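J.: Sharing a structure here in structure tokens format.
The values are calculated or read from the model by the stated rules, or taken from the named source; none is laboratory data. For clarity, every value in this text was computed on a predicted model and none was experimentally measured. Here the Cβ positions follow ideal geometry from the backbone for every residue, glycine too, while neighbour counts run over all protein chains shown.
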Amino acid sequence: MSSSADPRDALPEHLPSLRAFAISLCGNAAMADDLVQDTIVKAWTNIDKFQVGTNMRAWLFTILRNTFFSVKRKRKREVSDSEGIHAGTLYEKPAHDGRLAMNDFRKAFDQLSPEHREVLILAGASGFSYEEVAEMTGVAVGTVKSRVNRARARLCELLGLRAGEDPISGADGDTLAVMGTSGVQAA
Amino acid sequence: MLQAQIDANLKKVYQDALQEQVPDRFLELLEQLRQKEAKV
């Protein structure tokens with residue numbers, strides 16, 4: 001392998017976004033760092049599977065989320081599901097001005113299922129397109145879209161808010177959010 | 001309006017995590033992997 005063209009040289013620059021995704025996904029810095037570590041080792045040893053010229057950030061995010069969900073499946077078999085502990089907890093409505101307090105928002109976000117957190121971070125916050133998210137998560141684009149809508153609805157529910165007038169057709173927010181960052185490395 | 005706020009807050013969740021200092025252990029790990037490979 002010619003060391004000058006080793007795609008692994010680019011790994012360090014992706015560490016901040018990889019870690020940010022891990023933290024958003026599992027809501028726990030220690031677990032996030034273990035995930036990032038596993039992802040680095042897997043990426044390093046499987047670099048021959050990376051197609052040069054494609055989006056390395058997407059490739060790394062995919063390894064990370066696959067690792068996360070396979071560990072989670074394994075754990076689920078070993079111990080009883082603890083995910084349900086917080087389910088159903090509702091927060092008080094936000095202050096009268098209607099603005100979402102960041103603290104409440106984080107609490108609500110952390111209560112979402114990992115699948116919902118994942119799709120909201122990937123398709124919304126980190127600027128991947130629905131098509132890219134579909135490829136990364138191994139589901140159809142339509143599934144990504146409906147998952148985003150359900151995740152948003154659940155988030156609103158947890159925040160004690162009404163989803164508003166524009167649930168599915170209200171692509172305004174979604175589209176803007178995606179268009180605002182797609183094409184730009186959010187890292 | 002609400003949707004826009006949710007989008008903004010989601011971005012903030014991610015951006016806040018993005019701004020955290022990446023622990024040195026990851027760069028050290030990459031260096032270890034590199035050295036291990038150089039030996040074989």
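J.: Could you grab me the full set of residues in segment A:29-55 that are touching an Asp or Glu at 6+ places or on another chain (Cβ under 9 Å) and either closer than 21 Å to A:Leu120 by Cα or modelled with pLDDT under 95 (or both)?
T.: Result: A:Ala29, A:Asn55.
J.: Criterion first (more than 30 Å from A:Asn149 (Cα to Cα) and assigned to a helix (DSSP H, G or I)) does B:Ala38 satisfy it?
T.: Yes: the conditions hold for B:Ala38.
J.: Also, quick follow-up: Would you please name the residue that is farthest from A:Trp44 (Cα to Cα), looking only at residues in segment B:17-33 that are assigned to a helix (DSSP H, G or I) and at the interface with chain A (Cβ under 8 Å from one of its Cβ atoms)?
T.: B:Ala17
J.: Another one. Please find, among B:Leu33, B:Leu18, the residue that is surrounded by 12 or more Cβ atoms within 10 Å (Cβ to Cβ) and farther than 13 Å from A:Ser17 by Cβ.
T.: Within the list B:Leu33, B:Leu18, the selection yields B:Leu33.
J.: Being exposed (fewer than 13 other Cβ atoms within 10 Å of the Cβ) and hydrophobic (A, V, I, L, M, F, W, C) is true for just one of A:Ala5, A:Ala32. Which residue is that?
T.: Only one candidate qualifies: A:Ala5.
J.: Within segment A:26-72, which residues are touching a residue at least 60 places away in the same chain (Cβ under 8 Å) and polar (S, T, N, Q)?
T.: Across segment A:26-72, the qualifying residues are A:Asn55, A:Thr62.
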